[in-house]
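So the structure is just underneath, and the comments pick up after that.
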Amino acid sequence: MNVFDRYAPFIQDYIYRSGWQALRGVQNAAGEAIFGTEDNVLLTASTASGKTEAAFFPILTLLEEDPPRSVGVLYIAPLKALINDQFGRLTELCEEAGIPVTRWHGDVAQSQKRKLLKKPRGILQITPESLESLLLNKYMEIPSLFGDLRFIVIDEIHSLLRGDRGMQTFCLIQRLCRAAGCRPRRVGLSATIGEPEAAGKFLAAGSGRPTVIPACEGGKEVWRLSMEHFFSTPPQADQGKEDLPPSPPEEAPTDQAPAAADPGLGYIFQHTRGKKCLIFTNSREECEAVCQSLRQYCEANHEPDRFLIHHGNLSASYRESAEEEMKDDGSLLSVCATATLELGIDIGRLERAFQIDAPFTVSGFLQRMGRTGRRGDPSEMWFVMREDHPEPRAMLPDLIPWYLIQGIALVQLYLEERFVEPPRTGRLPFSLLYHQTMSTLGSCGEMTPGELASRVLTLSCFHRISQEDYRVLLRHLVDIDHVNVTENGGLILGLSGERVVNNYKFYAVFQENVEYSVRAGSEELGTIVKPPPVGDKIAIAGRVWAVDEVDHQKREVWCTLVKGNIPAYFGDVAGDIHTRILERMYQVLREDKSYPYLRKQAQGRLADARRSFWGAGMEGKPLIHLGGNMWALFPWLGSYAFLALERFLKLRCGKRLGLRGLSPCRPYYLQFTMQVGEEEFYRILGEEAAVEFDPLELLYPKEVPVFEKYDEFVPPELVRKGFAWGVLDLAGMKERVLNWSRLPSLPPASLQEPKKP
């Protein structure tokens, strides 16, 4: 098929105006799949390869040839920033054909939404949370809005493959299609899919169509990659080491950080001046702290502030200002950001990205790297690993630079195996089941228990949940007044349930803290949790503010800008680290290999870590004696298998081992004291793992591990079951433990001949 000739004339004109000489591989492949089949399509191609245009060129062609009688394309994206970015591009593309593009999320004016409801046409761009709100509050409008829906495009689909938010998105798609009586094709877009076949099944679930995954010629990826390590105080790790391999070349610094600057942040400060950069952190707190420090360095050098900030707790005005500044190709500002700028947003000609410490996932690393290197330049990322010097009497686990090793493992896994985290399946999402039950009752009104079950339990993500478990949930919801039984035996929302459903925070299934709006005069700065008392200070928007007034009823904080430097707090965020990453970290420590992207100090720190690894006899041995009755266990397991092991040691093996004071550093190691020796430890663990036992035995007698947002409204027995059977990776943990029990008997670490890396 000649895909270009098949495009509508207005698409061909757009391509000519853009100066393109030829279609890219992904555009040809997508055109053949969308024009040539009636199937769902999963497009996996590198960042900035033109996936959005590849999907929309053929979709818009089909819409122009046969205009739909309602919204024709529903575009779902995980971030408002991504919708805002794509809105401009799609509007320009659709302008000539007169196809309207509408944004629908919390920052969009009601007038735009009313316009679409009045005359449903074109493309609707929406987040999962706003789609939930639409189904709940405008249920009677769904047939007219989507009755002739042809396509659902899900952007950055990889971000929806491992948690409740992704399953919520696919529940909403199924509910919408049933309510509207439509059967649209689904098109998933992502640059970072680990197991395309599994992702294709996830995309297709409940659609009644197979998924086509066209092969795309992506061309050769070229990276500029650098990884450096900094201790917070001298000496640095390369001092006194003359035998290290040469570092990759580095340009001369364009600026000088103040003498007392944090060495890692000083390095970032020196290499961002006169350039447009992104500085990624792993938390909002760290994002605020880094931005505060870099702005103070500007002030100390008597130069203009050149740092912006972007994270989910900032107000829309702050976020959108940062996005617009970065889109300006003449801008030489840098943005300190979290994952809010990780996904798919084209913010102009970025020269490089910095990553402070290692991200949790290979997918996150690739997405952050992919923000740079657009418009023909190679992708460029500089890792900056920071830590304090270990204490003089520090034990073995504290001698390993975990973030440095994790960063190397992430890079090597992708380079060597093209590994990216696969979809997370096999869960029992009871929290989401509660949420979708309440949402369905809220939108549809009274239903018999059978009708409700037929609407909710048949959603594809609940296929592992039994009818009996659903009966247990419904009885519990009646008991706690979230659901009431009518005289006719029907079910409706109860008063307590209405209070939950009518709160705007109901639309999201991810965990949120109670947030307070922060204001300074007429300016809204964003939100925080745990506001301090009046007179104390808070950090937000990269600056420090004195608290003038706290209104707990309205959840508002009023403040005034002051100078200073304090930590921020927005609530805890847990990392989901895959077992393959931990296994590759072990290999990094044991292999005698240098990595071309490591700079001098990182090489020196890695050499020290490898000496500690070999000197302690960690090769082939997960259990290391630290002296006396103290031991450290290095299981090299991902987050959920590590959690299962922690509980297995305490609850199944604790008495036999004489275990005391178990202290985990998840998911890297566990420290504890015990009364048995090494061989007996392996034997006891092997015997206990070989016995078939109920995963519920890894919970404490009265424990109800509230893990997801709505677990508090789920019957305790279902919360326990969901955690034991759906969260803990018991199979992964057992396999590792049984392998340990087959280890050859080794002499104590102190008697082994240390090996040289």
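The values are calculated or read from the model by the stated rules, or taken from the named source; none is laboratory data. What you see is a predicted model, and the numbers here were worked out from it, not measured in a lab. All Cβ positions, even for glycine, are placed from backbone atoms using ideal geometry, and neighbour counts span all protein chains on display. Heads up: the accessible areas ignore ligands, DNA and RNA and are worked out on the full protein's heavy atoms, side chains in. Shrake-Rupley method; radii C 1.70, N 1.55, O 1.52, S 1.80 Å.
Tell me which helices (runs of 4 or more DSSP H) are completely within the range 408-479 and hold 1 or more residues being of a type in the set (D, E, K, R) and open to solvent by 10 Å² or more (accessible area, probe 1.4 Å), or say none if there are none.
Ranges flagged: 449-456, 467-479.
Could we say that residue 132 is open to solvent by less than 30 Å² (accessible area, probe 1.4 Å), on the phi > 0 side of the Ramachandran plot and in contact (Cβ under 8 Å) with a residue 24 or more places away in the chain here?
no
Checking residue 212 against (1) modelled with pLDDT of 95 or more; (2) touching a Pro at 6+ places or on another chain (Cβ under 6 Å), only one condition comes out false. Which one?
(2)
When the residues of the range 19-31 are filtered to those that are assigned to a loop (DSSP other than H, G, I, E, B) and open to solvent by 50 Å² or more (accessible area, probe 1.4 Å), which remaining residue is farthest from residue 51 (Cα to Cα)?
21
Can you name every residue in the range 57-110 that is of a type in the set (Gly, Ala, Ser) and either assigned to a helix (DSSP H, G or I) or buried (at least 16 other Cβ atoms within 10 Å of the Cβ) (or both)?
70, 72, 77, 81, 88, 97
For residue 11, are the conditions met, namely being over 30 Å from residue 362 (Cα atoms), assigned to a helix (DSSP H, G or I) and open to solvent by less than 30 Å² (accessible area, probe 1.4 Å)?
Answer is yes for this residue.
Quick one: how many residues across the range 677-697 are free of Cβ contacts under 8 Å to residues at least 60 places away in the same chain and part of a helix (DSSP H, G or I)?
13
Name the residue, out of 738, 718, that is of a type outside the set (Lys, Arg), more than 25 Å from residue 399 (Cβ to Cβ), touching a residue at least 60 places away in the same chain (Cβ under 8 Å) and touching a Leu at 6+ places or on another chain (Cβ under 9 Å).
Sole residue among the options that is of a type outside the set (Lys, Arg), more than 25 Å from residue 399 (Cβ to Cβ), touching a residue at least 60 places away in the same chain (Cβ under 8 Å) and touching a Leu at 6+ places or on another chain (Cβ under 9 Å): 718.
Within 20 Å of residue 2 (Cα to Cα) and assigned to a loop (DSSP other than H, G, I, E, B) - does that describe any residue in the range 41-53?
Within the range 41-53, one or more residues are within 20 Å of residue 2 (Cα to Cα) and assigned to a loop (DSSP other than H, G, I, E, B).
Yes or no: residue 249 part of a loop (DSSP other than H, G, I, E, B), within 19 Å of residue 603 (Cβ to Cβ) and not aromatic (Phe, Trp, Tyr)?
When the stated conditions are applied, residue 249 passes them.
I need every pair where a residue in the range 659-675 that is within 21 Å of residue 639 (Cα to Cα) and touching a residue at least 60 places away in the same chain (Cβ under 8 Å) has its Cβ under 6 Å from the Cβ of a residue that is assigned to a strand (DSSP E or B) and of a type in the set (Asp, Glu), sequence separation at least 6 or different chains.
Cβ pairs passing all conditions: none.
Go through (1) part of a helix (DSSP H, G or I); (2) buried (at least 18 other Cβ atoms within 10 Å of the Cβ); (3) in contact with a strand residue (DSSP E or B) (Cβ under 6 Å, 6 or more places away or on another chain) and name the single condition residue 167 misses.
(3)
Just checking, how many residues over the range 600-648 are open to solvent by 30 Å² or more (accessible area, probe 1.4 Å), in a loop (DSSP other than H, G, I, E, B) and touching a strand residue (DSSP E or B) at 6+ places or on another chain (Cβ under 6 Å)?
Total meeting the criteria: 1.
Is the range 688-695 home to any residue that is surrounded by fewer than 21 Cβ atoms within 10 Å (Cβ to Cβ) and within 30 Å of the chain's Cα centre (by Cα)?
Checking the range 688-695: at least one residue is surrounded by fewer than 21 Cβ atoms within 10 Å (Cβ to Cβ) and within 30 Å of the chain's Cα centre (by Cα).
Give the number of residues within the range 313-372 that are open to solvent by 10 Å² or more (accessible area, probe 1.4 Å), at pLDDT below 80, in a helix (DSSP H, G or I) and touching a Phe, Trp or Tyr at 6+ places or on another chain (Cβ under 9 Å).
So the answer is 1.
Are there any pairs with C-beta distances below 6 angstrom linking a residue in the range 173-192 that is under 21 Å from residue 443 (Cα atoms) to a residue that is open to solvent by less than 20 Å² (accessible area, probe 1.4 Å) and among the basic types (Lys, Arg), with the two at least 6 apart or on different chains, and if so which?
Listed pairs, sorted by first residue: none to list.
When you look at residue 542, is it at pLDDT below 85, of a type outside the set (Asp, Glu) and over 30 Å from the mean Cα position of the chain (by Cα), yes or no?
Here the answer is no, as residue 542 does not meet what is asked.
Test of understanding: among 279, 193, 268, which residue is under 24 Å from residue 369 (Cα atoms), open to solvent by less than 40 Å² (accessible area, probe 1.4 Å) and in a helix (DSSP H, G or I)?
From the options 279, 193, 268, the qualifying one is 268.
Could you grab me the full set of residues in the range 296-312 that are open to solvent by 30 Å² or more (accessible area, probe 1.4 Å) and either within 21 Å of residue 339 (Cα to Cα) or in a helix (DSSP H, G or I) (or both)?
296, 299, 300, 308, 312
Quick one: in the range 111-129, of everything that is open to solvent by 60 Å² or more (accessible area, probe 1.4 Å) and not basic (Lys, Arg), which residue is farthest from residue 52 (Cα to Cα)?
111
Quick one: residue 208 ticks every box in (1) surrounded by fewer than 18 Cβ atoms within 10 Å (Cβ to Cβ); (2) under 21 Å from residue 50 (Cα atoms) except a single one, so which number is it?
Of the numbered conditions (1) surrounded by fewer than 18 Cβ atoms within 10 Å (Cβ to Cβ); (2) under 21 Å from residue 50 (Cα atoms), the odd one out for residue 208 is (2).
With respect to the numbered conditions (1) in contact (Cβ under 8 Å) with a residue 60 or more places away in the chain; (2) surrounded by fewer than 21 Cβ atoms within 10 Å (Cβ to Cβ); (3) part of a loop (DSSP other than H, G, I, E, B), which one is the sole condition not fulfilled by residue 149?
The one condition residue 149 does not meet is (2).
If the Cβ limit is 9 Å and pairs must be 6+ apart or interchain, which residue in the range 549-571 that is open to solvent by less than 80 Å² (accessible area, probe 1.4 Å) pairs with which residue that is at pLDDT 85 or above and among the aromatic types (Phe, Trp, Tyr)?
550/558; 551/558
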